[in-house]
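First up is the structure itself, then whatever we jot down about it.
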Amino acid sequence: MTGHLVDASALGWLGVRSRPGRSAMSALGVALGIATVLLVTGIPASGQADLDRRLSAMGADMLVAQVAALEGSTVAFPEEAAAMARRIGPVTFGSAVANLHSKVMRTPFADPNESAGISVLAATPDLVPAVRGEVATGTFLTEATRGLPAVVLGAAAARWLGLSTFDAAHPVQVFVAGERFTVVGVLAPMPLAPELEQAVFVGDEFARSHFGFDGRPTVVYLRAVESEISAVRDVLPATLAPSTPGLVSVSRPADVLAAKEATHGTFAALFLGLAGVALLVGGIGVANTMVVSVLERRREIGLRRALGARRHDVRLQFLIEAVLLSLLGGAGGTLVGMVGTVGYAALRGWPVVLPWATVAAGLAGAVVIGALAGLYPAVRASRTSPTEALAAV
Amino acid sequence: MTVLRLTGVVKEHPGGVRALRGVDLVVEQGEDLAIVGPSGSGKSTLLHIMGTLDRPTRGTVELAGQDTGAMTDTELSRARARNLGFVFQQSHLVDRLTAVDNVATGLLYAGTRRRERRALAEVALERVGLAHRRTHWPSQLSGGERQRVGIARALVNRPALILADEPTGALDQATGRQVLELFGELHAEGATIALITHDPTVAATFGRRVEIRDGELLDGVVA
Ligand SMILES: Nc1ncnc2c1ncn2[C@@H]1O[C@H](COP(=O)(O)OP(=O)(O)OP(=O)(O)O)[C@@H](O)[C@H]1O
Ligand SMILES: [Mg+2]
């Protein structure tokens, strides 16, 4: 039985390579379709891998917890919220900030609207590692400056205040709620925490002594072992606000960013539709070639019948020939699709993700297309009467 | 032993042409039979029916005592693959196969294993005197050589009966004579041969001659 299939396959392959030009042309449609499918899946997959890699570099391990503000009331976490968060096993860093609902201005006489978008946050020295932040110039708040009128600017806030080119050697001052603060540092941009880029930070102890800050934070930032992140997420509300866990909302900034960048979806559907059309046309091309081939080779069919080929043998020979033809296109298309994906990913500096499942599905699809396309010609070949076939010229 | 027996065979082609009108014919093992008749007399039709490539409208065809009328396509195909060998006016070689692979095709449907096919094909090719042309392509062979490759393909399965339809029809006289001599030798070695021709001089070289006229056999008479 296997020998039988080997023989039939050898015959089918003989048919394909006997007319190489025609075979190549008729396999082209299938090749185009498969190549499109691979490109449409491979390129976005590589792009996604790149996004994942970037997100994970930026902080896929980060969580942000907030208390949903009820109308009118200013709600906040308990004072010790950050410390409680740090006590959760997988949590590696945790810090909290409190919105002081105050305004920062470059001079006491400046237009307050100019800096209206900047929030003033009370912060502790451990904030920077908890948000994967970096200090661009100067320093962040320290144990020493925590109780002093010192301020650190977020990247966007510094820009709006005209202090992007701040130099620590020449201290400048800004005014918060009318009080004079010395700028001690500016933070680098933080794509995962844009709300912090638009804030200025004052020491929590100074806020307590001069702003009547009650020590209760409004937002908790933390980082945890990435594999445990959803478990941490689940226990966070009850840990941070044991009395009102339902009011706590926890978000993962990486997810938000990922959702924002995942916009290729609609295009992929369109291209997949085109690939489907190409495959259909490819299948028709194969069928057409096979019908012509069967007509041309009637004498060969007659001879094979005289040599003892059953109808089944003739049918199998042409069916396999059609499948091989289609598979040839599938293999060519796979090659083009893979080279295209690798090339594009290399050009964009992406990690290459070859969609092996799609490659396998594509080749299997090519076999199915070939079988469907070959069915009619093969049946027709097997029904040819041997005597008429031998008489054909 | 009777290799082939036709009894009351009638063949009507579509359109109402009566190509055979009640043919009775028995071929015994070891015979060399020539069926001779003018063009359109029904020779090819008869050969096709003898070779089970076509079924008679009426009458029976028995191969080695077995009625072929009751056989399925698979059974008939097996009979052709194992017990019959065909030689046609055209050699019908596959262009993309070498001489020896073309000969091996004669065993493709007989259930012979791949490696054995090749070895037996070499022997058959040697038998027709073309061992040195083993790896040549059909396009590199002369008409006579191509026909000899075709004969090798017909005898490679050691058939009980070799059926030949005008095998010299496309050859010049000298080459045709060589091919006929080959048939003579094969017969001398024990092969059973039924050959069809319109040429009485070709028929004259055969031990038994049968004439066909308008679809009827005139046994033993040669015009
Ligand atoms: N498929 C067919 N359909 C209709 N008529 C046919 C068919 N095949 C043969 N015939 C007719 O049957 C008769 C016998 O044909 P056949 O081919 O057997 O003759 P032949 O003796 O082999 O002739 P030739 O020497 O020219 O080859 C002819 O009249 C022919 O026209
Ligand atoms: Mg004829």
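Here are some notes:
- Within the range B:125-139, the set of residues being buried (at least 17 other Cβ atoms within 10 Å of the Cβ) and among the β-branched types (Val, Ile, Thr) comprises B:Val128 only.
- Check on B:Asp165, closer than 15 Å to B:Phe88 by Cβ and either touching a helix residue (DSSP H, G or I) at 6+ places or on another chain (Cβ under 9 Å) or at pLDDT below 95 (or both): yes
Condition check ((1) more than 16 Å from ligand 1 (Cβ to nearest atom); (2) within 14 Å of chain A (Cβ to nearest Cβ); (3) free of Cβ contacts under 8 Å to residues at least 12 places away in the same chain) across all residues:
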| position | (1), (2), (3) |
| --- | --- |
| B:Glu145 | yes, no, no |
| B:Gly150 | yes, yes, no |
| B:Leu163 | no, yes, no |
| B:Leu171 | no, no, no |
| B:Thr175 | yes, no, no |
| B:Glu185 | yes, no, yes |
| B:Gly190 | yes, no, no |
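- Each residue in the range A:109-161 was checked for being within 17 Å of A:Asp204 (Cα to Cα) and part of a loop (DSSP other than H, G, I, E, B), and 15 of them qualify.
- Single residue of B:Glu122, B:Glu189, B:Glu211, B:Glu145 found to be closer than 25 Å to B:Gln29 by Cβ, surrounded by fewer than 22 Cβ atoms within 10 Å (Cβ to Cβ), among the acidic types (Asp, Glu) and more than 16 Å from ligand 2 (Cβ to nearest atom): B:Glu189
- Listing of strands (runs of 3 or more DSSP E) fully contained in the range A:162-219 that carry 1 or more residues being open to solvent by 10 Å² or more (accessible area, probe 1.4 Å): A:173-176, A:179-187
- Members of the range B:56-75 found to be under 16 Å from the mean Cα position of the chain (by Cα) and within 9 Å of chain A (Cβ to nearest Cβ), listed by number: none
- Hey, B:Asp32 more than 11 Å from ligand 2 (Cβ to nearest atom) and free of Cβ contacts under 8 Å to residues at least 12 places away in the same chain or not: no
- Failed item, numbered, when B:Thr201 is tested on (1) open to solvent by less than 20 Å² (accessible area, probe 1.4 Å); (2) farther than 24 Å from B:Val26 by Cβ; (3) within 16 Å of ligand 1 (Cβ to nearest atom): (1)
- Single residue of the range B:155-186 satisfying the filter (part of a loop (DSSP other than H, G, I, E, B) and surrounded by fewer than 22 Cβ atoms within 10 Å (Cβ to Cβ)) that is nearest to ligand 2 (Cβ to nearest atom): B:Glu166
- In this structure, B:Leu97 qualifies as among the aliphatic types (A, V, I, L, M), out of contact with any Lys or Arg (no Cβ under 7 Å at 6 or more places or on another chain), open to solvent by 20 Å² or more (accessible area, probe 1.4 Å) and within 9 Å of another protein chain (Cβ to nearest Cβ).
- Condition check for B:Ala110: closer than 24 Å to B:Arg5 by Cα and open to solvent by 10 Å² or more (accessible area, probe 1.4 Å): yes
- The set of residues from the range B:43-95 being of a type in the set (Lys, Arg) and without any contact (Cβ under 8 Å) to a residue 40 or more places away in the chain comprises B:Arg55, B:Arg78, B:Arg80.
- Meets criteria (more than 16 Å from ligand 2 (Cβ to nearest atom), within 9 Å of another protein chain (Cβ to nearest Cβ) and not β-branched (Val, Ile, Thr)) for B:Leu53: no
- Looking across the range A:127-161, the residues that are open to solvent by 50 Å² or more (accessible area, probe 1.4 Å) and in contact with a Leu (Cβ under 8 Å, 6 or more places away or on another chain) come down to A:Arg132, A:Glu134, A:Val135, A:Ala136.
- Any hit, the range A:237-256, residues being in a helix (DSSP H, G or I), among the charged types (D, E, K, R) and within 30 Å of B:Leu108 (Cβ to Cβ): no
- Residues of the range A:20-57 that turn out to be under 30 Å from A:Gly133 (Cα atoms) and either out of contact with any Pro (no Cβ under 7 Å at 6 or more places or on another chain) or open to solvent by 50 Å² or more (accessible area, probe 1.4 Å) (or both), as a count: 10
- Counting only residues that are assigned to a strand (DSSP E or B) and either away from ligand 1 (no atom under 12 Å from the Cβ) or within 14 Å of chain A (Cβ to nearest Cβ) (or both), the range B:13-26 holds 8 of them.
- Qualifying residue in the range A:7-19 (condition: of a type in the set (A, V, I, L, M, F, W, C), more than 11 Å from chain B (Cβ to nearest Cβ) and surrounded by fewer than 22 Cβ atoms within 10 Å (Cβ to Cβ)): no
- Selection status of A:Gly337, out of contact with any Cys (no Cβ under 6 Å at 6 or more places or on another chain), more than 16 Å from ligand 2 (Cβ to nearest atom) and free of Cβ contacts under 8 Å to residues at least 24 places away in the same chain: no
The values are calculated or read from the model by the stated rules, or taken from the named source; none is laboratory data. This structure is a prediction, so every number in the text was calculated from the model and none was measured. Quick reminder, even Gly has a Cβ in these numbers, built from the backbone with ideal geometry, and neighbours come from all protein chains shown. Areas reflect the complete protein model, heavy atoms only, side chains present, ligands, DNA and RNA absent. Shrake-Rupley method; radii C 1.70, N 1.55, O 1.52, S 1.80 Å.
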